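Mind looking over this structure? Questions follow.
The values are calculated or read from the model by the stated rules, or taken from the named source; none is laboratory data. Remember, it's a predicted structure, so these values are computed and weren't measured experimentally. Note that each Cβ is placed from the backbone with ideal geometry, even for glycine, and that neighbours are counted across all protein chains shown.
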Amino acid sequence: MSLLAAIRPDDWNLALFVHILGAMLLVGSLVLVAMALAERDIRLGYRSLLFGVLPGWIVMRGGAEWIAEKEKVNDLDPVPSWVDVGYSVSDPMLLLIIIATVCAGIAARRQQRGGALRGTALALAGIMLVACAVAIWAMSTKPT
Amino acid sequence: MYDWLLFLHLISAFLLAVTVVIYSAVAIGVTTPGRTRFVADRCWDVGGLGTLIFGIWLALNLDQYDFFDGWILGALVLWFIATGLGQTIQRRVNAPDGTGDDARALASMHWIRTIVIIGLLVLMIWKPGA
């Protein structure tokens, strides 16, 4: 499968490019969120979630669906486990992004310097970063 | 072996993306707190080294790629340009006597670096001539 990935058809390239570009924006913004919240800059953390993490997730997820359709991986029986890992990581992540954004947004509005809301958003950012690392591992090593 | 090399190469590329995203925030005028730029700079150092080492290792590991393929040589050229820009940005951002003109020049350098990194991604995916 990995060797196949190395010699994939050209018409898959744009979808893969969009998928990886979105994932890079997502991961980069998540690190910025984590750093901002850890340094108690809640406003920056909130804005990074809203204008970096959320758009990054949308582009990554859209690209994923696009390339999955081109590769027809969802038609395979059984669906490869690395595809399952991708879906199991990315779909719940949207919920975590929404929760973290709401928490950071409320904390920023209240001008809090700390507290449970900032801690929750920070913990969620950390969990999402670990989940992203797992997804990158699954996408690159393609375990069966 | 190929899978793990690709994983490490990809993780390194994501570290470069972390730096690009954080410095993009700086370039649009966001004041980043304390250690954020320090983390971005270390991500750049480790990511740059990782993409180069694991990228060359990957090229040598796979029979269908040759080190002297045009897209690999092109990627190496872009890597050196991005690294040069990155090191210059790091040095000038951390210099204590930065001016307004410097900030504009640094932002321009950062956006050029961002385009170079996207160019690298394009080369890695399309592999022209492979």
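Kindly check whether there is at least one residue in the stretch A:116-131 that is surrounded by fewer than 13 Cβ atoms within 10 Å (Cβ to Cβ), out of contact with any helix residue (DSSP H, G or I) (no Cβ under 6 Å at 6 or more places or on another chain) and of a type in the set (G, A, S).
Yes, there is a match, as at least one residue in the stretch A:116-131 is surrounded by fewer than 13 Cβ atoms within 10 Å (Cβ to Cβ), out of contact with any helix residue (DSSP H, G or I) (no Cβ under 6 Å at 6 or more places or on another chain) and of a type in the set (G, A, S).
Looking at the stretch A:28-35, is at least one residue within 20 Å of B:I125 (Cβ to Cβ), assigned to a helix (DSSP H, G or I) and either in contact with a Pro (Cβ under 9 Å, 6 or more places away or on another chain) or within 14 Å of another protein chain (Cβ to nearest Cβ) (or both)? So that I can check it myself, show each step before the final result.
Taking the stretch A:28-35 and keeping what is within 20 Å of B:I125 (Cβ to Cβ), we get A:28.
Filter once more, keeping what is assigned to a helix (DSSP H, G or I): A:28.
Add one more test, that the residue is either in contact with a Pro (Cβ under 9 Å, 6 or more places away or on another chain) or within 14 Å of another protein chain (Cβ to nearest Cβ) (or both), and what stays is A:28.
Scanning the stretch A:28-35 turns up at least one residue that is within 20 Å of B:I125 (Cβ to Cβ), assigned to a helix (DSSP H, G or I) and either in contact with a Pro (Cβ under 9 Å, 6 or more places away or on another chain) or within 14 Å of another protein chain (Cβ to nearest Cβ) (or both).
Follow-up question, since we're still on this one. Does the stretch B:90-110 contain at least one residue that is within 14 Å of chain A (Cβ to nearest Cβ) and surrounded by 15 or more Cβ atoms within 10 Å (Cβ to Cβ)? Write out each step before concluding.
The first filter runs over the stretch B:90-110 and keeps only residues within 14 Å of chain A (Cβ to nearest Cβ), leaving B:110.
Among the residues that remain, those that are also surrounded by 15 or more Cβ atoms within 10 Å (Cβ to Cβ) are: B:110.
Checked against the condition, which is being within 14 Å of chain A (Cβ to nearest Cβ) and surrounded by 15 or more Cβ atoms within 10 Å (Cβ to Cβ), the stretch B:90-110 yields at least one hit.
Quick one: in the stretch B:14-25, of everything that is among the small types (G, A, S) and at the interface with another protein chain (Cβ under 7 Å from one of its Cβ atoms), which residue is farthest from A:V134 (Cα to Cα)? So that I can check it myself, show each step before the final result.
Step one: filter the stretch B:14-25 for residues among the small types (G, A, S), giving B:17, B:24-25.
In the following step, the residues that additionally are at the interface with another protein chain (Cβ under 7 Å from one of its Cβ atoms) were identified as B:17, B:25.
Working: B:A17: 17, B:A25: 26 Å.
Within the stretch B:14-25, the match that is farthest from A:V134 (Cα to Cα) is B:A25.
So which of B:R113, B:R91 ends up being free of Cβ contacts under 8 Å to residues at least 12 places away in the same chain and charged (D, E, K, R)?
Working: B:R113 fails: free of Cβ contacts under 8 Å to residues at least 12 places away in the same chain.
Checking each option against the conditions leaves just B:R91.
Moving on. Mind listing whichever residues of the stretch A:118-139 are without any contact (Cβ under 8 Å) to a residue 40 or more places away in the chain and either among the aromatic types (F, W, Y) or within 8 Å of chain B (Cβ to nearest Cβ) (or both)? So that I can check it myself, show each step before the final result.
Taking the stretch A:118-139 as the starting set, the residues that turn out to be without any contact (Cβ under 8 Å) to a residue 40 or more places away in the chain are A:119-120, A:123-124, A:127, A:130, A:133, A:137.
Of everything in the stretch A:118-139, those that are without any contact (Cβ under 8 Å) to a residue 40 or more places away in the chain and either among the aromatic types (F, W, Y) or within 8 Å of chain B (Cβ to nearest Cβ) (or both) turn out to be A:A133, A:W137.
Separate question: Output the residue which, of all residues in the stretch A:75-99 that are more than 19 Å from A:G63 (Cβ to Cβ) and within 13 Å of the chain's Cα centre (by Cα), is surrounded by the most Cβ atoms within 10 Å (Cβ to Cβ). Lay out the reasoning, then the answer.
Filtering the stretch A:75-99 down to residues more than 19 Å from A:G63 (Cβ to Cβ) leaves A:76-78, A:81, A:95-96, A:98-99.
This time we only want the ones that are within 13 Å of the chain's Cα centre (by Cα), so: A:95-96, A:98.
Working: A:L95: 10, A:L96: 18, A:I98: 13.
Ranking the candidates gives A:L96 first.
Which residue, of B:I81, B:I72, B:I56, B:I11, is away from every other protein chain (no Cβ under 11 Å), modelled with pLDDT of 95 or more and either under 19 Å from B:R113 (Cα atoms) or assigned to a helix (DSSP H, G or I) (or both)? Please lay out each step first, then the result.
Working: B:I72 fails: modelled with pLDDT of 95 or more; B:I56 fails: modelled with pLDDT of 95 or more; B:I11 fails: away from every other protein chain (no Cβ under 11 Å).
Testing whether each residue is away from every other protein chain (no Cβ under 11 Å), modelled with pLDDT of 95 or more and either under 19 Å from B:R113 (Cα atoms) or assigned to a helix (DSSP H, G or I) (or both) leaves just B:I81.
Moving on to the next point. Give all pairs with beta carbons closer than 6 Å in which a residue from the stretch A:38-63 that is within 13 Å of chain B (Cβ to nearest Cβ) meets a residue that is assigned to a helix (DSSP H, G or I) and basic (K, R); count only pairs at least 6 apart in sequence or on separate chains.
Once the first residue is within 13 Å of chain B (Cβ to nearest Cβ) and sits in the stretch A:38-63, its partners that are assigned to a helix (DSSP H, G or I) and basic (K, R) give A:I42/A:R118.
Yes or no, residue by residue, for (1) among the basic types (K, R); (2) at pLDDT below 85; (3) not in a loop (DSSP other than H, G, I, E, B):
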| residue | (1), (2), (3) |
| --- | --- |
| B:P96 | no, yes, no |
| B:A103 | no, yes, yes |
| B:H110 | no, no, yes |
| B:L121 | no, no, yes |
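Let me ask you something else. I want to confirm something. Restricting to the stretch A:15-27 and keeping residues that are more than 8 Å from every other protein chain (Cβ to nearest Cβ) and of a type in the set (A, V, I, L, M, F, W, C), which single residue is nearest to B:S12 (Cα to Cα)? Give the derivation first.
Narrowing the stretch A:15-27 to residues more than 8 Å from every other protein chain (Cβ to nearest Cβ): A:15, A:18-19, A:22, A:26.
The next check asks that each one be of a type in the set (A, V, I, L, M, F, W, C); those that pass are A:15, A:18, A:26.
Numbers: A:A15: 21, A:V18: 18, A:L26: 15 Å.
Going through the qualifying residues, I end up with A:L26.
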